[in-house]
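Q: This is the structure I have questions about; it appears just below.
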Amino acid sequence: MATSGIPDARVETAFAEVRREDFLGPGPWLVIGDRGDYVPIPSADPAYLYLDHVIGILPQRHLNHGQPSLHTKLLAHAGPREGDHVVHVGAGTGYYTAIMAHLVGRSGKVTAIELDSGLADRARVNLSAYPNVSVICGNGAAAPVDAADVIYVNVGATRRPRRGSTGCRRAAGSFCR
């Protein structure tokens with residue numbers, strides 16, 4: 001919160017209630033270094049995860065777990081409220097989805113959409129304790145969802161999906177049907 005400069009108590013509480021290490025697997029983790037390369041954190045101590053690093057979740061594909069200070073700002077400006085429906089496109093392993101689930105509370109819901117089937121599976125497991133979250137494996141631009149109060153998109157793309165594809169990518173790079 002200090003790095004982001006956003007004094008939003010609701011967002012701060014949501015970040016404090018969700019343990020980042022629960023969404024990243026065992027450490028030590030890889031972070032984006034000063035030259036844009038991945039460097040290992042010195043140990044598996046989760047304290048390193050709270051230093052505002054971008055963490056590689058699939059470094060070989062340059063897929064990352066985003067920088068908390070950036071997401072703090074974005075979530076504070078998006079302003080999800082108690083009872084809202086948030087659609088999170090690019091859920092990854094579900095960490096920021098869990099934070100949104102805290103922000104919308106038990107009366108709200110979050111629909112998480114993830115293109116990569118392996119990440120969608122990880123998100124389902126990681127978010128299983130959140131009854132107000134559902135995870136869809138698919139293309140966030142085409143997935144059928146209910147009307148939303150907030151649509152939160154944090155994805156990267158290196159190419160457009162094939163025409164007619166559902167967009168759900170298998171780990172090997174083929175598309176689900």
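The values are calculated or read from the model by the stated rules, or taken from the named source; none is laboratory data. Quick caveat, the model's predicted, so the values are computed rather than measured. Because the Cβ atoms are built from the backbone with ideal geometry, glycine has one as well, and the counts that use them run over all protein chains shown.
Q: Going by what's in this entry, would A9 be described as of a type in the set (A, V, I, L, M) and surrounded by fewer than 12 Cβ atoms within 10 Å (Cβ to Cβ)?
A: yes
Q: Quickly run through segment 112-133 and pick out the residues that are in contact with a helix residue (DSSP H, G or I) (Cβ under 9 Å, 6 or more places away or on another chain) and of a type in the set (S, T, N, Q).
A: N126, N132 - these are the residues of segment 112-133 that are in contact with a helix residue (DSSP H, G or I) (Cβ under 9 Å, 6 or more places away or on another chain) and of a type in the set (S, T, N, Q).
Q: Which one of these is surrounded by 13 or more Cβ atoms within 10 Å (Cβ to Cβ), out of contact with any Phe, Trp or Tyr (no Cβ under 9 Å at 6 or more places or on another chain) and among the charged types (D, E, K, R): D52, D45? Quick ask: steps written out before the conclusion?
A: Working: D45 fails: surrounded by 13 or more Cβ atoms within 10 Å (Cβ to Cβ).
Result: D52 is the single residue among D52, D45 that is surrounded by 13 or more Cβ atoms within 10 Å (Cβ to Cβ), out of contact with any Phe, Trp or Tyr (no Cβ under 9 Å at 6 or more places or on another chain) and among the charged types (D, E, K, R).
Q: Same structure, new question: In the list E21, E17, which residue meets the criterion of being closer than 27 Å to N132 by Cα, surrounded by fewer than 12 Cβ atoms within 10 Å (Cβ to Cβ) and either within 17 Å of the chain's Cα centre (by Cα) or acidic (D, E) (or both)? Lay out the reasoning, then the answer.
A: Details: E21 fails: surrounded by fewer than 12 Cβ atoms within 10 Å (Cβ to Cβ).
One residue alone meets the criteria, E17.
Q: Shifting gears a bit: Looking at (1) in a loop (DSSP other than H, G, I, E, B); (2) modelled with pLDDT of 95 or more, which is the only condition T166 fails?
A: Failed condition: (2).
Q: Any idea which of V54, V31 is touching a residue at least 12 places away in the same chain (Cβ under 8 Å), in contact with a strand residue (DSSP E or B) (Cβ under 9 Å, 6 or more places away or on another chain) and within 21 Å of I6 (Cα to Cα)?
A: Numbers: V31 fails: within 21 Å of I6 (Cα to Cα).
After ruling out the rest, the residue left standing is V54.
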